[in-house]
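Notes follow once the structure below has been shown.
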Amino acid sequence: MKTICLYFQIHQPFRLKPYRFFDMGHDDYYYDDYNNETIVRRIADNCYLPSNKILLELIKKHKGNFKISFSISGTAIDQFQLYAPDVIESFQKLAETNCVEFLGETYAHSLVGLKDENEFKKQVIKHSDKIEQLFGKRPQVFRNTELIYSNQIGHMVDDMGFKAVLTEGAQNILGWKSPNYLYHHPVHSNLKVLLKNYKLSDDIAFRFSNINWSQWPLTAKKYVSWLNEINKEEEIINLFMDYETFGEHQKKEIGIFSFLQSLPDEVFKQTSFSFKTPFETSLHHKPIAPINIETPISWADENRDLSAWLGNELQHEAFNKLYALKEKIQLCNDNKLLLNWQYLQTSDHFYYMCTKHCSDGDVHAYFNPYENPYAAFMNYMNVLNDFSIRLNKAIENNKSQTSKHEKTVKQLSCELV
Amino acid sequence: MKVLMFGWEFPPHISGGLGTACYGLTKGLSCIKDLDILFVVPKTHGDEEENKMKLIGASDVSVLKRELDVKAFKKTIEYLEVKSKLMPYVDPEDFKHQTGYTVEEAGAFLKTDDQGKIPFSGKYGNNLLTEIANYSVVAKVISEDHNFDIIHAHDWLTYPAGIAAKQASGKPLVIHVHATDFDRSGGKVNPVVYDIEKKGMEAADSIITVSNLTRKIVIEKYGISPEKVSTIYNAVEPLVDEGKMLKKGFDEKIVTFLGRITMQKGPEYFIEAANKVLNKMDNVRFVMAGSGDMMKKMIHQVAELGISDKFHFTGFLKGDDVFDMLKMSDVYIMPSVSEPFGISPLEAMQANVPVIISHQSGVAEMLKHAIKTDYWDVDAMADAIHSLINYPVMSKMFKTRGKSEVTSIKWESSARKVYNLYKETLIAN
């Protein structure tokens, strides 16, 4: 039986407020509450809540035959808890149907997987804990920030016990191969790799509302007919996209919700496909071959590489300065600092510093609070410098307290002698 | 196609932005094969060429005709110098030097600043208007004596000349707005100047503005129909010789404001930003290079803030000193309140200096590798200065990317757009 595997990404960063250098040392709150709340609330109303409602109805209607998966970043969950608790509840209702799988990722939607194994694992565990606590089940399948993946990342998540991992079906990796099969890690053959079918995914995520597209308007009927045109041998269609596709990027008025509503009906009517979650897919299908990915790939832009986050000098500088603090973080036990440490790692901060000028610029501009990459860099560095000052202070305090403690112990032991 | 162009000064007598723009554009146009230019300029320099001038037509104004063979040009252009006391702008001392007149005498016609603003005190006004009228009479005579297809007039002092030429020849008129009186006066518009500007715009078949900022002013403040107003950005002459590196006599970073110290340029915002930076850090010095009517007030402001040990005034800089000042600088800042275009940040970028410019400048519309803030947002300005000094990677990136960006801004491509506009204007007529 052939499989359609649906996965939707939900992520929101904690956007930084304008933070001037003269705030350094005076202001330890970095976030733009107003913007964050406004954006989260808007997307909750435009997308998360109405889409969740539709998906819940579809799951009930199709009595367990319609299945989906989500990955929700920790920073998105934290913001839902702050600004839109109703969104959490609606995801919990979906979780109760047992037709929904929640995937693992790094808590802060960070790029740490490219930098440090220990810190990476910590963040993945922190995220898994949160998902288990909210939705009752520990993730078994992993997807890294922006589908960034390489053999090395596969190695780390295999080590953590994940059974499968999702990434982009990038043309430069696949060559003549098709993304429509299950693959496995070249060394850890137990780790399955699911590859995004970017053509069919992007038809919905990017082209749906494009009236200049030859296929516009796209109906569920037409879309499903394309699934039938796929080579009979091929087994899996992985449709991976941002959840904001539904109602935010593609507007309700253009008919994205009715598309979603009629998609499963059309699939059942026209095809022999069934819906499976990523974990079920990884169990049900046999991997056809190893997939070897030496250099990290991602699902971003034309290049499917890291250049959107680590493409220019500004991004590298900020990234290196951030992770230069990781040794010191080990010595820190201040909860507020540790939380900031998470939030400052979110990949979006680096994305805002991107200087690529191409059609992708539009996507980069979305939700971007900065006028240009330089403004993003300046603001981030100011915040990071303040954070670094505070971290140093906290560690100094720790040391002096420890030495005080040691002194007291010595004194007491002397007295005892 | 032949253009009758009413322009301004040519090398070696260029004294500011308008002259630079006129020269650059003409040079760019000279690269276009089937385009010829008849260039007319008011000539005030009382030098040796005066005796070569001849009287033309019925007017008692002398005109010198010569073939101008500027090395940089792709071809020679016809060049007419009209004896007139009109000048685009002039520094009082400079003016004395060039003409031998005393400032008081010259002031009778043209005590103007860099944007051509004339402080009308009533008693001078009529003389200037007479001068403008005389110039347009000459324009009429010239247009009767020559063949051409289209007329191009640069900035308000030449609009009446353009109109006169249009009336005499029936050829279409393009006017080029390098600035309006709204920029020069900070909103306190001189009604006489406004009137001349508005008449020019209304008579024109097409209007070129140097930025969308200026385009908006032309449409909104002068009530001109948007269809006939097009923005064509200025460019910058490529750097011929980068010269040798200059060694500073101290380690501190230098942040430079370079321009006229007038209200339009926003010097007081620069001082406020400098003060904010100096409150937080020490290894930096600020320089205000230039002169202008607000200079004394600025010196007082600096003294009052108690930052005189770190804030320096150079006075008016000439020629190579300007470029040397740029080369010594680590940051260039232009906090203009209203700047139709602003070529000088481009020159700073050529000298490898990162630039901070205000959103209220036309050049901000086209530049990618510049930090942009509002002129009044001294916090953002201070923050940008701090970042450029403290985050070296940023400064480095600005230098390399800024340099390659500025290298790609060529007069040839501006000229090509102007040429296309000529063609459209001719078709529409």
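Some notes on this structure:
- Taken as Cα centroids, the stretch B:243-320 and the stretch A:390-417 sit 51 Å apart, rounded to the nearest whole angstrom.
- At R0 = 41 Å, FRET efficiency that the Cβ-Cβ distance of residue A:174 and residue A:388 yields, to 0.05: 0.45
- The long axis of helix A:256-270 is offset from the longest Cα principal axis of chain A by roughly 50 degrees.
- The mean number of partner chain beta-carbon atoms within 10 angstrom of a residue's beta-carbon across peptide A:11-20 is 1.
- With Cα atoms, 0 to 90° folded angle of helix A:117-135 axis to chain A main axis: 60
- Label-zone membership for the stretch B:252-269, site residue B:309, 7 angstrom Cα→C-beta point, backbone N under 19 Å: B:252-255
- Counting neighbouring Cβ atoms within 10 Å and putting the fewest first, the residues B:146, A:11 line up as B:146, A:11.
- Of A:2/A:60; A:60/A:177; A:192/A:336, those spanning more than 28 Å from alpha-carbon to alpha-carbon: A:60/A:177; A:192/A:336
- R0 of 35 Å, Cβ-Cβ distance residue A:26-residue B:248: FRET efficiency to nearest 0.05: 0.60
- Peptide B:381-389 - average C-beta neighbours from other chains (10 Å radius): 4
- Label positions at residue B:146 and residue A:116, each projected 7 Å from the Cα along the C-beta direction, are separated by 7.2 nm.
- Antiparallel DSSP beta bridges within the protein assembly as shown, percent to nearest 5: 15
- At R0 = 45 Å, FRET efficiency that the Cβ-Cβ distance of residue A:399 and residue B:221 yields, to 0.05: 0.10
- Whole-Hz couplings from phi, Karplus 6.51/-1.76/1.60, listed for the stretch A:140-153; x for Gly and Pro: 10, 10, 10, 9, 8, 2, 6, 6, 5, 8, 8, 3, 4, 5
- Cross-link partners of residue B:265 among aspartates and glutamates (Cα-Cα below 17 Å; sequence separation of 8 or more within a chain): B:91, B:113, B:114, B:181, B:183, B:293, B:339, B:347, B:374, B:377
- For chain A, the longest principal axis of the C-alpha atoms and the axis of helix A:33-43 are separated by about 20°.
- Nearby lysines by direct alpha-carbon distance to residue A:407 (threshold 27 angstrom, same-chain neighbours under 8 apart not counted): A:328, A:393, A:399
- 11 Å cut-off, amide nitrogen to a point 7 angstrom out along residue B:281 Cα→Cβ, residues in the stretch A:371-387: A:382
- Ranked for footprinting exposure by Cβ neighbours inside 10 Å, fewest first, A:97, B:214 give A:97, B:214.
- By the rule of a C-alpha distance below 13 Å, with chain neighbours fewer than 8 residues away ignored, the aspartates and glutamates paired with residue A:321 are A:313, A:386.
- Taking 0.36 nm per residue of separation and subtracting the Cα-Cα distance, full extension of the segment from residue A:129 to residue A:92 would add 11.8 nm.
- Remark: mean inter-chain Cβ contacts per residue of A:314-322 equal 2, using a 10 Å Cβ-Cβ cutoff to other protein chain atoms.
- Burial order of peptide ranges B:200-212, B:287-299 (average beta-carbon count within 10 Å, highest first): B:200-212, B:287-299
- Listed residues A:383, B:3, B:185: farthest to the positive end of the dipole of the protein assembly as shown (Cβ charges): A:383
- Sequence of A:355, A:38 once ranked by neighbouring C-beta atoms within 10 Å, starting from the fewest: A:38, A:355
- In this structure the amide hydrogen of residue B:38, modeled in the peptide plane, comes within under 5 Å of the amide hydrogens of B:3, B:4, B:5, none closer than 5 places in sequence on its chain.
- Too-long pairs where the Cα-Cα distance tops 29 Å, listed order kept, from A:326/B:276; B:198/B:327; A:63/A:232; A:137/A:232; B:216/B:396: A:326/B:276; B:198/B:327; A:137/A:232; B:216/B:396
- Beta-bridge orientation, chain A: approximately 15 percent antiparallel, per DSSP, counting only bridges with both partners inside.
All of the numbers you see were taken from the coordinates with simple rules; none came from a lab. Keep in mind it's a predicted model, so treat the numbers as computed, not measured. Ideal geometry is used to build each Cβ from the backbone, glycine not excepted, and the neighbour counts take in all protein chains shown.
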